[in-house]
Amino acid sequence: MPSQTILNYENIDFELPYAVIQQPPYLLSGIGLAIGVLCGLTFAKLIENRLEAWKQDRLPLLPLGNAETSVAFAGTLIGITLFIGGALQVFGFAAGAALLVSMLLSLLTGGALWVQLERLMQQVEEGRFKAVDFDNFDQFF
């Protein structure tokens, strides 16, 4: 008779490798959004106050980059970087890549916004600023 081998699996431990899945960084994205909104509102109010002071007392609008305006603008960029970076991580991007991409996006967009704002303020000071009529699209084309 052939010998039969009985396999007993009760005492064998299987260690299967598994990936550690972390919770998505909703908190990082929420904190970034809060920082971005608060610093953005502060920046907008500082620009509004500067325009009012120019309108009433003809105080200079430029240079735009004084300490309080620069800190508010930098806070806005940091907040938006954290918000976009957290949002990209929620969709599966690695933390380093997500923060790098979001930093590049916010710096490029923020830099373009800063240059445009300085140009507009220079036009206002020189009296060359014209109101934009969004109802008439012929002026854009």
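The values are calculated or read from the model by the stated rules, or taken from the named source; none is laboratory data. These numbers were taken from a predicted model, which means no experiment stands behind them. Please note: Cβ atoms are built from the backbone with ideal geometry, for glycine as well, and neighbour counts cover all protein chains shown.
Could you look through region 51-69, keep only residues that are assigned to a helix (DSSP H, G or I) and without any contact (Cβ under 8 Å) to a residue 12 or more places away in the chain, and pick out the one that is farthest from Phe129 (Cα to Cα)?
Top of the filtered list is Ala67.
Out of Gly92, Gly96, report the one residue that is surrounded by fewer than 14 Cβ atoms within 10 Å (Cβ to Cβ) and outside any helix (DSSP H, G or I).
Of the residues listed, the single one that is surrounded by fewer than 14 Cβ atoms within 10 Å (Cβ to Cβ) and outside any helix (DSSP H, G or I) is Gly92.
Considering (1) at pLDDT 95 or above; (2) more than 12 Å from Ile35 (Cα to Cα), say which one Val90 fails and leave the rest.
Of (1) at pLDDT 95 or above; (2) more than 12 Å from Ile35 (Cα to Cα), only one is false for Val90: (1).
For region 49-67, give me each residue that is surrounded by 10 or more Cβ atoms within 10 Å (Cβ to Cβ), within 25 Å of the chain's Cα centre (by Cα) and over 13 Å from Glu118 (Cα atoms).
The answer is Asn49, and nothing else.
Do we have Ala72 as modelled with pLDDT of 95 or more, of a type outside the set (D, E, K, R) and over 30 Å from Phe129 (Cα atoms) here?
no
Can you pull out the residues in region 93-128 that are among the small types (Gly, Ala, Ser) and over 21 Å from Val37 (Cα atoms)?
Answer for region 93-128, where residues must be among the small types (Gly, Ala, Ser) and over 21 Å from Val37 (Cα atoms): Ala94, Ala95, Gly96, Ala97, Gly127.
Looking at Val124, Val101 in this structure, which one is assigned to a helix (DSSP H, G or I) and either among the aromatic types (Phe, Trp, Tyr) or modelled with pLDDT under 90 (or both)?
Of Val124, Val101, the one residue that is assigned to a helix (DSSP H, G or I) and either among the aromatic types (Phe, Trp, Tyr) or modelled with pLDDT under 90 (or both) is Val124.
Kindly indicate which of Gly86, Gly79 is in a helix (DSSP H, G or I), surrounded by 15 or more Cβ atoms within 10 Å (Cβ to Cβ) and touching a residue at least 60 places away in the same chain (Cβ under 8 Å).
Every option except Gly86 fails the conditions.
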